[in-house]
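Every number in this text was worked out from the coordinates using simple rules, so none of it is lab data. Note that the coordinates shown come from a computational prediction; the quantities given were computed from them, not determined experimentally. All Cβ positions, even for glycine, are placed from backbone atoms using ideal geometry, and neighbour counts span all protein chains on display.
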C-alpha cells in the first residue's frame with residue numbers, strides 16, 4: 001500500500017509518501033527498483049530533475065543487474081528526459097530512431113495519412129514528413145507497406161515497441177448534444193464533434209500535468225500521474241463546455257495502464273473509464289472508489305451512485321465528484 005501511494009498521491013505529498021516506503025515489506029529487488037523508478041519519474045515531472053536522477057540511476061542499476069531489459073530501457077528513457085547523459089551501448093546507436101521518429105513511424109504504420117498523423121500527434125504535416133523520412137532510412141524501408149510489416153515483426157514482448165505497464169489515472173470525457181436534456185444516466189446521448197474544442201481540451205490537460213492521448217471525434221482520453229490532477233482537469237473541461245453552451249460529462253479511474261510508443265494507451269483501467277462514461281449524466285464527473293480513496297483528505301466531496309454494472313468490466317461502486 002505504501003508503494004502504491006507513491007503512484008497516486010498529489011505532488012505536494014509525494015516526499016511524505018516515499019518516506020513511508022522503507023517501513024513496507026520488501027519481497028524482491030525488482031520492487032525496490034520499480035518504486036525508485038516511479039518516484040524518480042514523478043520527481044522529474046515535478047521539475048525536480050537533479051533529485052530525480054539519483055533515484056532513476058539507482059533503479060537502472062538494479063534492473064540491469066537482474067536482467068529486466070524492458071524496465072532498464074524505461075529507466076534509461078527517463079534519465080535522458082531528465083537531461084542526464086548515457087553512454088551509447090554500441091556503435092550502431094547513432095542510427096537508432098529518436099522517440100519522435102518512432103512515435104511517427106508507429107502511427108503511420110497503422111494506416112493513417114500524414115495529415116491524420118499530424119492531427120493525432122499535434123504536429124505539422126511537414127514535421128511528420130521529416131520524421132517519417134528519417135525513420136524510413138533508419139529502418140531500411142521505402143513504402144508504408146514495408147513499414148507496417150517491419151513494425152509487426154518487432155512487436156515482441158522484449159521489443160522497444162512493446163508497451164510499458166504503469167499505474168496511472170485515466171480521464172475519459174465526452175461532449176453531449178444539447179437536445180438530449182431529457183436523457184438520464186446510462187442512456188445513449190447523441191454526441192457532437194470535439195474538433196472546435198481541441199485546443200481548449202489540450203490546454204486543460206497540459207495545465208493539470210497530464211498527457212492528452214486523444215481529442216478527436218466525440219471523445220477525450222487523457223492520462224495523469226495523480227487522480228487529483230485528473231479530477232481538476234475533468235471539472236475544467238465540463239466548466240469550459242458550459243461556458244460555450246455545450247454539455248459534457250467525464251469519468252476518472254486509476255489502475256494499470258499499458259502505454260505504447262505510438263502514444264496510445266490500453267488496458268483494463270482504460271476500458272473501465274470508457275464504460276463508466278456511458279453512465280455519467282450531463283455535467284457529471286464519475287469516479288471509482290479507487291480514485292475517491294486516493295484523494296482522501298482533500299477538499300473534494302463525493303456522492304455515492306451505488307454499484308453499477310460496467311458491461312464486461314464487472315460491477316463497480318461509483319461516485320459523483322463534486323468540485324471544491
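In this structure, residue 129 and residue 203 have a Cβ-Cβ separation that, at R0 = 30 Å, corresponds to a calculated FRET efficiency of about 0.70. Between residue 146 and residue 303, the simple spin-label model (points 7 angstrom out along Cα→Cβ) gives 6.1 nm. The label point for residue 240 and the one for residue 315, both projected 7 Å from the Cα toward the Cβ, are 3.8 nm apart.
Extension gain for residue 296-residue 110 works out to 62.8 nm (0.36 nm per residue, less the C-alpha to C-alpha distance).
For the listed peptides 73-85, 283-295, 134-146, a ranking on the average number of other beta carbons within 10 Å per residue, highest first, reads 283-295, 73-85, 134-146. Rounded, prolate or oblate: which fits region 220-324 when a ≥ b ≥ c are the square roots of the eigenvalues of the alpha-carbon gyration tensor, with rounded for a/c under 1.5 and prolate only if a/b beats b/c? Here region 220-324 falls in the rounded category.
Report the full-extension gain for the segment residue 164 to residue 260: residue separation times 0.36 nm, less the Cα-Cα distance, to one decimal in nm. Result: 33.9 nm gained on full extension.
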